[in-house]
Each structure stands twice: as C-alpha cells, then as structure tokens.
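K.L.:
To start, I am sharing the structure in question, which I have written as structure tokens.
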C-alpha cells in the first residue's frame with residue numbers, strides 16, 4: 001500500500017526549545033526526484049568542533065564510522081551503515097513513480113543514537129552527493145515492499161537509545177553517488193560518508 005509523506009522541513013532537533021517546522025497536510029502530488037538539496041544555515045546553533053568535518057579538510061568517513069556532535073547540551077551519534085542500489089525491486093518502479101527514465105531505487109541504512117539531552121531524528125537532512133555536484137534528497141513516497149526496517153520520517157529519541165532504518169532514494173540507475181551527506185542545519189558543513197564503488 002502506498003503511503004504519501006507529510007511535507008515539512010525539519011532538521012535534527014536536539015533542544016526542547018527548538019521546534020520542528022512543517023505542514024500537517026498530506027500532500028497528494030509527488031514531485032520528480034530532486035537533484036539539488038537546499039539547506040539553511042543556522043546562526044543560533046552551538047556546534048562543537050566535531051561538527052565541522054569539511055572545515056578541517058577531512059575525507060569522507062567510511063561506512064560504519066560514527067559521526068558525533070553536540071548541540072545545546074545534547075550529543076547525537078550518526079552512522080551510515082550501508083548503501084545499496086538496484087538490489088531491491090518494489091512493485092512500483094522509480095521511473096513509474098516519478099515519470100522519469102533510467103532511475104532506480106537505492107537505500108541508505110542509518111543509525112542515530114542520542115547519548116544525552118533531548119533530541120529527534122528525521123530522514124530529510126540526508127542526501128546523496130554525485131561527482132558532478134548533483135544532490136538527491138530522500139524519496140517522498142514509501143511502499144510496503146521497500147526495504148525494512150524503514151528509518152522514520154520523524155521521531156523523538158530518548159537519551160541512551162538509538163533509531164535505525166533504511167531511507168530510500170530515487171537515483172539514476174547508471175550512476176553511483178560518491179557520498180552520503182547529513183545536512184542538518186545544526187552543522188556548519190555536512191557530515192559525509194564515502195559510498196564504495198560497485
């Protein structure tokens with residue numbers, strides 16, 4: 001059964017005073033896969049030095065290597081566990097869903113653990129980055145036969161607990177992304193994980 005998402009813009013929120021923004025209306029129209037991701041810069045967030053991977057010229061992390069950052073007294077650890085492309089074939093193809101040609105489904109498995117403080121997670125800060133500069137956001141649709149477990153659209157996390165699941169993207173079948181990005185507005189620069197060559 002097809003489920004359409006609730007459209008909203010929400011970043012990883014780690015303080016009780018920080019609120020999610022978005023609409024509560026279910027959207028019936030689904031846009032074509034996006035090849036650009038827009039992020040806003042948060043001027044009020046307090047980032048730790050660990051939250052600036054690109055500023056120090058670090059290479060993207062290997063899959064499975066955690067990224068830890070602290071904001072407003074709360075510490076979150078994000079890890080990209082795996083990337084798979086073209087290995088699962090739901091009843092609805094990416095091309096049929098979005099009216100494209102040459103697209104397929106890909107999935108990123110993510111784990112997020114809140115060490116302390118107040119926090120929430122969502123799939124929307126995640127993106128795939130390609131060599132030509134294109135970025136693809138997560139799919140706005142989901143189906144019952146998508147890979148399980150699914151990473152939540154939005155969920156609060158208790159201190160000392162984790163959330164793990166897969167987020168699906170509609171991607172060009174003949175290209176492979178270079179990096180998985182976590183583009184939360186709480187970070188000055190995205191956290192990056194290298195996607196292994198096929």
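The values are calculated or read from the model by the stated rules, or taken from the named source; none is laboratory data. On a predicted model such as this, the values are computed, not experimentally measured, just so you know. No Cβ is skipped: glycine too gets one built from the backbone with ideal geometry, and neighbour counts run over all protein chains shown.
K.L.:
Residues that are at pLDDT 85 or above, farther than 21 Å from residue 135 by Cα and touching a helix residue (DSSP H, G or I) at 6+ places or on another chain (Cβ under 6 Å): does the range 55-69 have at least one? Before you say what the answer is, go through the steps one by one.
P.N.:
Going through the range 55-69, the residues at pLDDT 85 or above turn out to be 59-69.
From what's left, farther than 21 Å from residue 135 by Cα: 64-66, 68-69.
Among the residues that remain, those that are also touching a helix residue (DSSP H, G or I) at 6+ places or on another chain (Cβ under 6 Å) are: 68-69.
The answer is yes, given that some residue of the range 55-69 is at pLDDT 85 or above, farther than 21 Å from residue 135 by Cα and touching a helix residue (DSSP H, G or I) at 6+ places or on another chain (Cβ under 6 Å).
K.L.:
Can I ask one more? Can you name every one of the strands (runs of 3 or more DSSP E) wholly within the range 118-187 that holds 1 or more residues which are over 28 Å from residue 75 (Cα atoms) and over 15 Å from the mean Cα position of the chain (by Cα)?
P.N.:
Per the criteria, 161-172.
Conditions tested, residue by residue: (1) touching a helix residue (DSSP H, G or I) at 6+ places or on another chain (Cβ under 8 Å); (2) modelled with pLDDT under 95.
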{"residue": "85", "(1), (2)": "no, no"}
{"residue": "98", "(1), (2)": "no, yes"}
{"residue": "106", "(1), (2)": "no, no"}
{"residue": "111", "(1), (2)": "no, no"}
{"residue": "129", "(1), (2)": "no, no"}
{"residue": "141", "(1), (2)": "yes, yes"}
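K.L.:
Over 26 Å from residue 98 (Cα atoms) and in contact with a strand residue (DSSP E or B) (Cβ under 9 Å, 6 or more places away or on another chain): does that describe residue 194?
P.N.:
Yes: the conditions hold for residue 194.
K.L.:
Another one. Take residue 161 and decide whether it is in contact (Cβ under 8 Å) with a residue 24 or more places away in the chain, surrounded by fewer than 18 Cβ atoms within 10 Å (Cβ to Cβ) and touching a helix residue (DSSP H, G or I) at 6+ places or on another chain (Cβ under 6 Å).
P.N.:
no
K.L.:
Next question, about the same structure. Limited to the range 174-198, what total is found for residues that are touching a helix residue (DSSP H, G or I) at 6+ places or on another chain (Cβ under 9 Å) and surrounded by fewer than 18 Cβ atoms within 10 Å (Cβ to Cβ)?
P.N.:
Summing the residues that are touching a helix residue (DSSP H, G or I) at 6+ places or on another chain (Cβ under 9 Å) and surrounded by fewer than 18 Cβ atoms within 10 Å (Cβ to Cβ) in the range 174-198 gives 2.
K.L.:
Sort out which residues of the range 66-89 are under 18 Å from residue 181 (Cα atoms) and part of a loop (DSSP other than H, G, I, E, B), and write them in order of number.
P.N.:
66
K.L.:
Still on this model: Quick check on the range 93-102. Is at least one of its residues free of Cβ contacts under 8 Å to residues at least 40 places away in the same chain, farther than 18 Å from residue 184 by Cβ and surrounded by 14 or more Cβ atoms within 10 Å (Cβ to Cβ)?
P.N.:
Just the residues of the range 93-102 that are free of Cβ contacts under 8 Å to residues at least 40 places away in the same chain, to begin with: 93, 95-96, 101.
Now drop any that are not farther than 18 Å from residue 184 by Cβ, which leaves 93, 95-96, 101.
Filter again for surrounded by 14 or more Cβ atoms within 10 Å (Cβ to Cβ), leaving 93, 95.
Yes, some residue in the range 93-102 is free of Cβ contacts under 8 Å to residues at least 40 places away in the same chain, farther than 18 Å from residue 184 by Cβ and surrounded by 14 or more Cβ atoms within 10 Å (Cβ to Cβ).
K.L.:
Out of all the residues in the range 63-92, which are farther than 27 Å from residue 197 by Cα and buried (at least 19 other Cβ atoms within 10 Å of the Cβ)?
P.N.:
Scanning the range 63-92 gives 69, 70, 71, 74, 76.
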